[in-house]
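Below: one structure, written as structure tokens.
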Amino acid sequence: MQKKLIQGIVAAGFPLLLLAGCGGDNSASAGQGRKGPGPEAMGPAREVRLARAEEGRLARTVAVSGTLAADEQAELGIKVAGRIQQVLVDIGDPVRRGQPVARIIPTDLELRVQQARTALEQARARLGIPAGGPDRMVDPQETSVVKQAVANLKQATLTRDRMARLLEEKLIPQSDFDAAEANRSVAEARYQESIEEVNSRQGLLAQRRSELALAERQLADSVVTAPFDGRISQRLVSAGDYVPVGGAVAVLVRIHPLRLQLAVPEREAAGVKVGLPVQLSVDGDPGTYTGRVARISPAISEENRTLLVEAEVPNTDGRLKPGSFAKAEIVIEAAESAVLVPASSVVTFAGIEKVIGVEGGKAVEKRVRTGRRSGDRVEILDGIAAGDPVVLEPGNLVTGQPVKVLSS
């Protein structure tokens, strides 16, 4: 009887012991959950590439923006009125100084040249200059009109002298001597008149020369030529158009060098000097170009408190276009020692700048303070030292996240 009672108690208590054992296992699992997830809970290691902070040299620069402008621009106008015969260039064509750009029909101008040349030959003939011979100043004593006047004067003088001797001998009356004296005076006046006539013909000859030169100049001006090397930016006329005096036929721009017009803030104006190097880039062009400060305005603009600065930018290959917007840096001081990292390694969040390092296979955030920028490099003033590794393009990496470093 007693033995059966003990067996019943044991049978009744065995399920309780099982339940108690199960309850103990649940408590252990709960305790492990309160310790937090292990490294495997953060997912697989993220692959990253590293770069090391380097000690380099970085110049102090002033970042500005501006507009590229042609060094020279001219509307090519025509000096004589006429109808366009031919346009020899089009938009974008390169031209050299003196190269023809357009010409008008020259028929009327050629006739004027012929008319002026004929008038000049007539004036030369009146002075006894052979046709086709060189132009020269003519001695009045060598002209026929003066020679004739000289001969008449000489004859009148001899006659007067002879009459004077006869009058002394009382062989002729006084009236004959007076007539001879009057004839000599008339001959002398005609001699002076011949000198004046020759001088007048000399003046007329000079006038005819000027008229011919003007007609030839007008004929030459019927062809519009380029005043400097450049490219055609606009074509304004076509063959058959009538163009008045001064009418524009094309627009020419000089594209080498270009002028980069910059507005430098007043606080930086004192450091800008003629000759300082300027580095610039333009939208849509991956290249970087270099120029130099060439001109500085003597006054600061009261409207925006900036100083107008012009830099000359070489453009021998014509890649840069006048009118383009440019971002530029004026190098104020020579390069100084600095700790530099790639710009892609710096992350900014809520105004805080940081880089991501790697320690023990995990990401580590390091707060930094940046300084100047030069291309794809950033100066680090505080936070890391030269030689420290930083993650390139860290994205959303956080401290403690497993990383796998890829070889460069």
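Restricting attention to segment 37-48, and to residues there that are open to solvent by 60 Å² or more (accessible area, probe 1.4 Å) and either part of a strand (DSSP E or B) or not acidic (Asp, Glu) (or both), which single residue is modelled with the lowest pLDDT?
Let us first name the residues in segment 37-48 that are open to solvent by 60 Å² or more (accessible area, probe 1.4 Å), namely 37, 39-42, 44, 46-47.
Now restrict to residues that are either part of a strand (DSSP E or B) or not acidic (Asp, Glu) (or both): 37, 39, 41-42, 44, 46-47.
On the way: Pro37: 44, Pro39: 48, Ala41: 51, Met42: 58, Pro44: 81, Arg46: 87, Glu47: 87.
Result: Pro37.
As an exercise: evaluate Pro94 against (1) modelled with pLDDT under 95; (2) over 30 Å from Ala326 (Cβ atoms); (3) not acidic (Asp, Glu) and give the number of the one condition it does not meet.
Status for Pro94: all satisfied but (2).
If we scan segment 212-222, do we find a residue that is under 20 Å from Gln85 (Cβ atoms) and polar (S, T, N, Q)?
Taking segment 212-222 first, the residues under 20 Å from Gln85 (Cβ atoms) are 215-222.
Still in the running and polar (S, T, N, Q): 218, 222.
Yes: segment 212-222 contains one or more residues that are under 20 Å from Gln85 (Cβ atoms) and polar (S, T, N, Q).
Looking at segment 308-347, which of its residues are surrounded by 15 or more Cβ atoms within 10 Å (Cβ to Cβ), farther than 30 Å from Val251 by Cα and not hydroxyl-bearing (Ser, Thr, Tyr)?
Glu329, Ile330, Val331, Ile332, Ala338, Val339, Leu340, Val341, Pro342, Val346, Val347
Scan segment 338-358 residue by residue and report those that are within 20 Å of Gly56 (Cα to Cα) and out of contact with any strand residue (DSSP E or B) (no Cβ under 6 Å at 6 or more places or on another chain).
Ser344
This table checks each residue for (1) modelled with pLDDT under 90; (2) open to solvent by 60 Å² or more (accessible area, probe 1.4 Å); (3) over 30 Å from Arg112 (Cβ atoms); (4) out of contact with any strand residue (DSSP E or B) (no Cβ under 8 Å at 6 or more places or on another chain).
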{"residue": "Val145", "(1), (2), (3), (4)": "yes, no, yes, yes"}
{"residue": "Ala151", "(1), (2), (3), (4)": "no, no, yes, yes"}
{"residue": "Leu158", "(1), (2), (3), (4)": "no, yes, yes, yes"}
{"residue": "Arg162", "(1), (2), (3), (4)": "no, yes, yes, yes"}
{"residue": "Glu169", "(1), (2), (3), (4)": "yes, yes, yes, yes"}
{"residue": "Ala180", "(1), (2), (3), (4)": "no, no, yes, yes"}
{"residue": "Val186", "(1), (2), (3), (4)": "no, yes, yes, yes"}
{"residue": "Glu193", "(1), (2), (3), (4)": "no, yes, yes, yes"}
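Of the residues Val150, Val145, Val186, Val224, which single one is touching an Asp or Glu at 6+ places or on another chain (Cβ under 8 Å) and touching a residue at least 12 places away in the same chain (Cβ under 8 Å)?
Values: Val150 fails: touching an Asp or Glu at 6+ places or on another chain (Cβ under 8 Å); Val186 fails: touching an Asp or Glu at 6+ places or on another chain (Cβ under 8 Å); Val224 fails: touching an Asp or Glu at 6+ places or on another chain (Cβ under 8 Å).
Matching residue, one of Val150, Val145, Val186, Val224: Val145.
For segment 265-285, indicate whether the set of residues that are within 26 Å of Glu72 (Cβ to Cβ), at pLDDT below 90 and either open to solvent by less than 40 Å² (accessible area, probe 1.4 Å) or among the β-branched types (Val, Ile, Thr) (or both) is non-empty.
Looking for residues that are within 26 Å of Glu72 (Cβ to Cβ), at pLDDT below 90 and either open to solvent by less than 40 Å² (accessible area, probe 1.4 Å) or among the β-branched types (Val, Ile, Thr) (or both), one finds at least one in segment 265-285, hence yes.
Select from segment 226-257 the residues that are in contact with a Gly (Cβ under 6 Å, 6 or more places away or on another chain) and β-branched (Val, Ile, Thr) and write down the one among them that is farthest from Gln73 (Cα to Cα).
The extreme case among them is Ile255.
Among the listed residues Gly77, Gly92, which satisfies the condition of being under 60 Å from the mean Cα position of the chain (by Cα) and at positive phi?
Residue meeting the stated conditions: Gly92.
Which one of Thr348, Thr316 is among the polar types (S, T, N, Q) and without any contact (Cβ under 8 Å) to a residue 24 or more places away in the chain?
Working: Thr316 fails: without any contact (Cβ under 8 Å) to a residue 24 or more places away in the chain.
Only one candidate qualifies: Thr348.
Looking at (1) open to solvent by less than 50 Å² (accessible area, probe 1.4 Å); (2) in a strand (DSSP E or B), find the lone condition where Leu381 falls short.
For Leu381, the exception is condition (1).
Is there a residue in segment 349-360 that is closer than 30 Å to Gly383 by Cα and aromatic (Phe, Trp, Tyr)?
From segment 349-360, those closer than 30 Å to Gly383 by Cα are 349-360; that's our starting set.
From what's left, aromatic (Phe, Trp, Tyr): 349.
The answer is yes, given that some residue of segment 349-360 is closer than 30 Å to Gly383 by Cα and aromatic (Phe, Trp, Tyr).
Out of everything in segment 230-258 that is in contact with a Pro (Cβ under 8 Å, 6 or more places away or on another chain) and open to solvent by 60 Å² or more (accessible area, probe 1.4 Å), what residue ends up being nearest to Val95 (Cα to Cα)?
Arg231
Is there a residue in segment 124-139 that is touching a Leu at 6+ places or on another chain (Cβ under 9 Å), closer than 30 Å to Arg208 by Cβ, open to solvent by less than 50 Å² (accessible area, probe 1.4 Å) and assigned to a helix (DSSP H, G or I)?
Yes - at least one qualifying residue is present in segment 124-139.
The values are calculated or read from the model by the stated rules, or taken from the named source; none is laboratory data. Quick caveat: nothing in here was measured; it's all calculated off a predicted structure. Positions of Cβ are backbone-derived with ideal geometry, glycine not excepted, and every protein chain shown enters the neighbour counts. Just so you know, the surface numbers come from the protein's heavy atoms only, side chains and all, with ligands and any DNA or RNA stripped out. Shrake-Rupley method; radii C 1.70, N 1.55, O 1.52, S 1.80 Å.
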